[in-house]
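For reference, the structure discussed in these notes is given below.
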Amino acid sequence: MIPVKYNARNLVVRWKTTLMTASGFTLVVAALVVMLAFVEGVQQVCTTSGEPQNVIVLAKGNNDEVFSQLDTRSGREIERTKGIARRGDGQMLASREIFLVMHRHLESANVFKFLQVRGVEPVAFDVHTQVKITGGRNFRPNQSEIIIGSGVQREHELAIGDSMALGRKQWKVVGIFTANGTAFESEVWCDQSELASQFRREGVFSSMVVRTDSPAQAAEVVERLKDSRSLVCNPMTETEYYSKQAAQTEMITAAAWVIAWFMGIGAIFGVMNTMFAAIGQRRKDIAVLRILGFKPYEILISFLLEAILISIVGGFLGIMIGMVVNGFSRSTAVGSREVEFAFKVTQTTITFAAGFSISMGILGGLLPALSVVRVQPLEALK
Amino acid sequence: MLFKFINLVFKSLGRNKVRTALTGMGVIVLVAIYAIVTNVTSTVKSKISGGDQTRLIVSERWTMPSQIPSRYVSEIAKLPGVKNFTTWTIFVGFLDRIPQADRQVAVLSVHPQTLREMHGGLMDLPDEVYEEWLSTKDAVLVGPGMMKKMNWHIGQQFTVFGARFPPVDVQYRIIGTIPGGEWASAIFCRQDYLADASDNSGSVNAILLSVESEERAKQLASELSKEYENRQPALKIETESAGVARFASRSTAVLQIIDAVVAILLIDMVIILSNSISISVRERRVEMAVLKVLGFQPLHIAIMIIGEAMFVGGIAGMIGTGIVCSISTLTLSGAIPLAKWNSFLLQFPVPWSAVLWSGLLGAGVGLTGSVFPAMATRKVKVSDVFARIA
C-alpha cells in the first residue's frame, strides 16, 4: 500500500487549496452541529420534564394543556381511580391544575411577551417533585402572590419583590424555583382558585396530574382511565406527554438535515474540483507509482484517502466551532408554550457530524480517485 | 473588442468542462438552499416590518387561546373608521373518531361576507365559488396542499371531531379550492355555521379590522384599549405586523440560526468559487504568459478571470433558484405532498423574481471569490513561465 505520509505531504505542499477545501467542510459541519445542538437542547427539556410515575389527564382529544378543559365531576372521577399514591397524612397525590398562556407587556422593551402561568393547589409540590424553591418563599393562597421559574426570571427580567399585572390584579413575586432544567422553569406558579376567579375558569381546570408509586403503576392507571366507562378523557404518563411536545421539533430536525445535505453536496463538488486538479497535476507521480508496481486500486485508495483526510481536518474544526454554542441558553416555542433551553452538543451529534463529514469526503473523492485508474503510465510520462 | 473578450471568457470556461461543471453545480446547490432558507426568514421579516398598519388584530388581553364575546364584535365593527372586518375562530379536531396526529386539522372560521377582502391572496377566488360559499352554510374552501395531503375532492363531505371541551363534531362540505400561496394548507369555514354546529355563538378567537387610514388605526387601537381595559374580558389591540412579530419572537432562536446558516452558505459559495478559480489560475500560467506577450495588460487578464467566475456564478444562481421556484410552486399547488422535509422550508412560496436576484447574487459571489485569484495573475512573469517550458 502507498504510505499515508505521501498523501499527507501532498496536502501540506498544496496547503492553500487544502485549507480552502477543508474550510468548506468546516463551515458545513459547524452549521450542522449548531442546528442539531438546538434540536437536542429543546428535546432534552421536553423529555426530562415529566416524571415517569406521574400521569397527566387531559380532556378527550387534547394533547396540550392550553386547550384542555376538565370539569369538577371529571376531577372527582379521576381521583376515584385505583393506584393513585397518597402522602403520609393520607392526602391523595392528585393535583388539579389550570395552565394559561398569557400576554405580558414588557415595559422595558414595549412589547408583549408570552408567559405561562400554572394555577396549583399545595399538593402540586408533592406531585411535581422536581420543583424546588431556591429563593424567597412559597406563595400564600388568595394573597395575589406568585413564584417564578428561573427561566422566567431571566426572560422577563423579574426578581423577588417585583410586582406584575396579570388580569386586573397586581401579583407579587415572592419566590423563585428551579426544576432540574425542565419546562416548569419557564412557568409562573400561583394559587389555583385565585387564578380561576381572575380568568373566568371557576369549575374547570386544564389538567389533573396524579402521582403513583412507580412507572409500572402509572401505566396501569393510564389503562384504567382509558377503560373507564364513566369518564371520557385523555390520560398519559407525564413523560409521554412532554415527549409528544418534543415531537414537534421533528420538522426542524428534518429541515436541519435537508439544509446540511444541500450544503454538504456543495462541499462535495468543491472537494471533487480539488481532487481532479490534484490528479491532473500529479499524473506523472501516478505513472511512476504504477511503474513501481503499485496496483491501480492501491493508487485509487491513496487518492480517496487524501479526500478523506481533508474531510477529517475540516470536520474536526467544524465540530470544534460548533461546540462553542454548547450550554448557550435561549428560549423557543414548543407547541403553545415557550421553553428555556440550552444548546446541547451530545456525543451522538458529534458522531453524526463526524460521519457526515467523512461521507462527504468519500463521495467527493471517489469519482476523481476512479479517474486515476484510467491513467496510462507511459502516456503520462511523455 | 468586447465581443472578442466575451468569446475568450467562454472559450476559457469550455477548456476544462469538468471543472466548470463541478463549480457550477456546487453553486447551484448552495444557491438553491440559500434561496429556500432566506425565503423563510425574509417572508417572516417582511410580515413584521412591512405589515399593513391599517389592519388591526383584536384579541383577549390576557389569555391564549383568546375568547372574545360575540357582543363585542358588533360593537367594534360599527366604530367610525372601520372599513371592513372579519372574525377568526380556529376549530381544531381530527378526521377520525380515534385521534391520529397526521389526521389532525385546524379549520379557520371567518365572517363569510368579507372572506376575499380580509384575506390577502383570496381576491382571485372565482366568482362562482364565492357565490356558492355565500349560499352554502356548511361550505369549506380548502388550500391545494391540504386537498392533496388528505386526498380530498370538491363536493366531498367530511366530519371534524373536535378536540375541545365539551366535545363536538362538525360536518363540512368542500365547495372549492383556494389559490395556493400562504393559504396552501388552510381550511376556511363560515363562522355562522360553526357557531350553530358547535352550539357556541358566544365567542370568537379574534377580530381582524381593516381601518380607513394608518392614523385612524392608531387612534382606534388606543381608544379600544382604553375602553375595554376594565371590561371582562379586557381586549388587546395591535397592528397585524405587531401581532406577527409577537408570534415570530417565540421562534427568534430558530430565525437566528437560519440567519447564521445563510451567512455560512454565502461564505461556502465564495470558498468553492475562489478555490476553483485559484486552481484554474495556477494551471493556466502558460496561457496567461502568452496573453501578456500578445499585449494583454494584467488588468485585462484579471477582468477575464473575474468575468469567468461571475458568469458561472450568475448562471448557476439562476438555475439553482429556478429549480427551487419550480419545487415551491409544485409543493404549494399540491403536486408535491407536504412532508417533514418540506413542510418547514417550503411553507412560503418562493417568488419567480428570486431567479433574477439569485443571478445577481451568484455573480456577486463570483466577483468576491475571484478577486484575489485574479490579482494573482499579475505575478505571472512571462520569462519565468517560458524558461520552465524551455
Spin-label pair B:Glu215/A:Lys172, simplified geometry with 7 Å Cα→Cβ offset, distance in nm
4.7
Taking the number of other C-beta atoms within 10 Å as the exposure measure, put A:His128, A:His105 in order starting with the fewest.
A:His105, A:His128
Of the peptides A:111-124, A:134-147, A:63-76, how do they stack up when ordered by the mean number of other Cβ atoms within 10 Å, highest first?
A:111-124, A:63-76, A:134-147
With only Lys, Arg, Asp and Glu charged, each at its Cβ (+1 for the first two, -1 for the last two), find how big the charge dipole of the range B:218-340 is about the Cα centre; round to the nearest 20 debye.
160
Length released on extending from A:Ser214 to A:Glu250, taking residue separation times 0.36 nm less the Cα-Cα span
10.0 nm
Counting only DSSP beta bridges with both residues in chain B, what percent are antiparallel, rounded to the nearest 5?
85
Virtual spin-label span in nm between A:Val373 and A:Val111, 7 Å along Cα→Cβ
5.8
When DSSP assigns beta bridges and you keep just the ones with both residues in the protein assembly as shown, what percent turn out antiparallel, to the nearest 5?
80
For the range A:121-181: Kirkwood Rh in Å [reciprocal of mean 1/r, alpha carbons]:
12.0
20 Å reach of a label modelled at B:Gln53, 7 Å along Cα-to-Cβ, counting backbone N of the range A:100-121
A:110-112
Once you compute Rg and the Kirkwood Rh from C-alpha atoms, what is the Rg to Rh ratio for the protein assembly as shown?
1.06
Calculated FRET efficiency, A:Ser163 and B:Phe372, Cβ-Cβ r, R0 56 Å, to nearest 0.05?
0.40
Distance-filtered residues of the range B:80-104 - backbone nitrogen under 17 Å, label point 7 angstrom along A:Val232 Cα→Cβ
B:92-100
With n ≥ 4 as the cut-off for DSSP H runs, can you work out [θ] at 222 nm for chain A, using -39500 (n - 2.57) per run divided by the number of residues, rounded to the nearest 500?
-16500 deg cm²/dmol
Ellipsoid equivalent to the range B:55-212 - semi-axes via the Cα gyration tensor, in Å:
25, 20, 13
As a quick test, which of the pairs A:Lys169/B:Lys218; A:Lys113/B:Lys47; B:Lys47/B:Lys218; A:Lys16/B:Lys17; B:Lys137/B:Lys236 have an alpha carbon distance above 21 angstrom in this structure?
A:Lys169/B:Lys218; A:Lys16/B:Lys17; B:Lys137/B:Lys236
Averaged across A:259-265, how many Cβ atoms of other chains sit within 10 Å of each residue's Cβ atom?
6
Give the Debye-formula value of log10 I(q)/I(0) at each listed q (0.12 Å⁻¹), with one equal scatterer per alpha carbon of the range A:54-211, two decimals each.
-0.51
Between B:Leu360 and A:Glu79, what is the label-point separation in nm under the 7 Å Cα-to-beta-carbon projection?
6.8
What does the charge dipole of chain B about its Cα centre add up to, to the nearest 20 debye, if the Cβ of each Lys and Arg holds +1 and the Cβ of each Asp and Glu holds -1?
2160
How long are the three semi-axes of the equivalent ellipsoid of the range A:306-382, in whole Å, if each is the root of 5 times an eigenvalue of the C-alpha gyration tensor, listed from largest down?
44, 12, 8
Treating only Lys and Arg (+1) and Asp and Glu (-1) as charged, each at its beta carbon, one finds that the range A:221-329 has a dipole about its Cα centre, in Debye to the nearest 20, of 420
Which is farthest toward the positive dipole end of the range B:1-73 among B:Met25, B:Phe5, B:Ser46, measuring Cα position about the Cα centre, with Cβ charges +1 (Lys, Arg) and -1 (Asp, Glu)?
B:Phe5
Could you work out the relative contact order of chain A? I mean the mean sequence separation of Cα pairs under 8 Å and 6+ apart, divided by the number of residues, in percent.
30
Filter the DSSP H helices in chain B by two things, a Kyte-Doolittle mean of at least 0.0 and an axial alpha-carbon span of 27 angstrom or more, and list the hits by number.
B:17-49, B:252-283, B:298-332, B:353-376
What are the semi-axes of the equivalent ellipsoid for chain B, taken as the square roots of 5 times the Cα gyration tensor eigenvalues, largest first, in whole Å?
57, 23, 17
Please list the non-local residues whose amide H lies under 5 Å from the amide H of B:Lys83, H modeled 1.01 Å from N, same-chain partners needing a gap of 5 or more.
B:Ser210, B:Val211, B:Glu212
Grab the beta carbon distance between B:Gln156 and A:Asp285, set R0 = 45 Å, and tell me the FRET efficiency rounded to 0.05.
0.05
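Full extension from A:Ser243 to A:Thr47: what is 0.36 nm times the residue separation minus their Cα-Cα distance, to one decimal in nm?
Contour length minus the Cα-Cα distance gives 70.1 nm.
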Residues whose built amide H sits under 5 Å from the amide H of A:Lys113, excluding neighbours closer than 5 in sequence, are A:Arg104, A:His105, A:Leu106
Convex hull over the Cα atoms of the range A:1-146, averaged projected area in nm²?
19.6
Once you have a ≥ b ≥ c as the square roots of the Cα gyration tensor eigenvalues for the range A:243-382, tell me rounded if a/c is under 1.5, and otherwise prolate or oblate according to whether a/b is larger than b/c.
prolate
What FRET efficiency would be calculated for the residue pair A:Leu366, B:Met123, taking the C-beta separation as r and a Förster radius of 60 Å, to the nearest 0.05?
0.70
Ranking B:Ser241, B:Ser46 by Cβ neighbours within 10 Å, fewest first, what do you get?
B:Ser46, B:Ser241
Considering all alpha-carbon pairs of chain A, what whole percent are spaced by more than 37 angstrom?
42
If I stretch the segment between B:Trp352 and B:His300 completely, what's the gain in nm (0.36 nm per residue apart, minus their alpha carbon distance), one decimal?
15.2 nm
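Report the relative contact order of the range A:54-211, percent, no decimals, based on alpha-carbon pairs under 8 angstrom and at least 6 residues apart.
34
For the range A:208-324, what mean projected area does the convex hull of the alpha carbons give, in nm²?
With the hull built on Cα positions only, its mean projection is 14.2 nm².
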Using Cα-Cα distances under 8 Å and only pairs 6 or more residues apart, what relative contact order does the range B:55-212 have, in percent?
39
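Coordinate-derived values only; no laboratory data. Fair warning: this is a prediction, and the values are worked out from it, not measured in the lab. When we count neighbours, we look across all protein chains shown, and the Cβ atoms used for this are built from the backbone with ideal geometry, even at glycine.
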